[in-house]
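Here the structure is laid out as structure tokens; the discussion comes afterwards.
The values are calculated or read from the model by the stated rules, or taken from the named source; none is laboratory data. Model, not experiment: these values are computed from the prediction. Positions of Cβ are generated from backbone atoms using ideal geometry, with glycine treated the same way; all protein chains shown enter the neighbour counts.
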Amino acid sequence: MLKYIAIITMLLDHINTILFDSKYIVLTIVGRLAFPLFMYMSVTSYMFYTSSKEKYIFRILSFAFITIPFYYVGFETVISLNIFFTIFLGLVTLYMIEQKFYLFIWLPFALSLYVDYSFFGVVCFIAFYNYLKEKNNLSLLLLAMSLFILNPYYLNIYLFTFFAFIYLDLNYKINFKSFLNKYVFYIFYPFHIALLGLLK
């Protein structure tokens with residue numbers, strides 16, 4: 001279910017950004033939920049649901065490159081790379097931590113300067129991963145601080161709604177069987193951006 005919520009919030013955000021030049025603040029506030037929800041699903045998939053972490057990371061990177069031309073059509077820029085690159089760098093950082101490649105962790109952080117949500121996007125991955133692994137509330141505080149820095153103007157609604165979704169999912173599994181192939185969620189991202197760009 002969270003996949004559908006994330007997709008809907010992302011779509012509303014991109015409609016507002018691409019078609020209406022961020023005119024409607026309500027759509028912006030709703031849309032800001034998309035990144036932490038996708039981060040949450042990526043981390044939980046990486047930790048609990050994928051049979052091969054390496055293949056999962058490579059799949060994310062593949063769709064990141066596939067999305068580049070679609071991203072340009074929608075946003076008319078290639079300066080900031082798309083969200084798949086952010087997810088890729090976040091997951092690579094987690095993989096490096098697990099494999100104890102500590103000397104190379106600076107690399108994804110350096111590359112994060114060129115992706116959506118930048119440095120603090122990667123920090124969100126580490127904080128949430130550590131919380132799921134250690135159940136350390138300090139990690140949740142770090143996650144909240146990173147999200148606040150990314151979206152300081154929408155703190156109350158943004159953080160409350162996100163943590164409410166996460167609490168419900170972790171404790172009550174608010175999921176239902178999807179009738180769509182998992183790759184539909186990957187494909188939707190580049191195609192809806194390009195379509196909105198063409199409609200602009």
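Summary of computed values
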quantity: The listed residue being over 13 Å from Phe35 (Cα atoms), β-branched (Val, Ile, Thr) and either touching a residue at least 12 places away in the same chain (Cβ under 8 Å) or loosely packed, with under 14 Cβ neighbours inside 10 Å (or both), out of Ile149, Ile87, Ile83; calculated: Ile149
quantity: Condition met for Ser51 (closer than 18 Å to Val122 by Cα and polar (S, T, N, Q)); calculated: no
quantity: Residue match in region 113-129 (condition: under 21 Å from Ser62 (Cα atoms), in contact with a strand residue (DSSP E or B) (Cβ under 9 Å, 6 or more places away or on another chain) and of a type in the set (A, V, I, L, M, F, W, C)); calculated: yes
quantity: Any hit, region 113-125, residues being over 14 Å from the mean Cα position of the chain (by Cα) and in a helix (DSSP H, G or I); calculated: yes
quantity: Members of region 94-127 found to be hydroxyl-bearing (Ser, Thr, Tyr) and surrounded by 22 or more Cβ atoms within 10 Å (Cβ to Cβ), listed by number; calculated: Ser112, Tyr117
quantity: Of all residues making up region 3-36, the number that are within 12 Å of the chain's Cα centre (by Cα) and either over 13 Å from Asn151 (Cβ atoms) or of a type in the set (Gly, Ala, Ser) (or both); calculated: 6
quantity: Long-range neighbours under 7 Å by Cβ, at least six apart or interchain, first residue buried (at least 20 other Cβ atoms within 10 Å of the Cβ) and at pLDDT below 85 within region 16-38, second assigned to a loop (DSSP other than H, G, I, E, B) and polar (S, T, N, Q); calculated: Arg32/Asn151
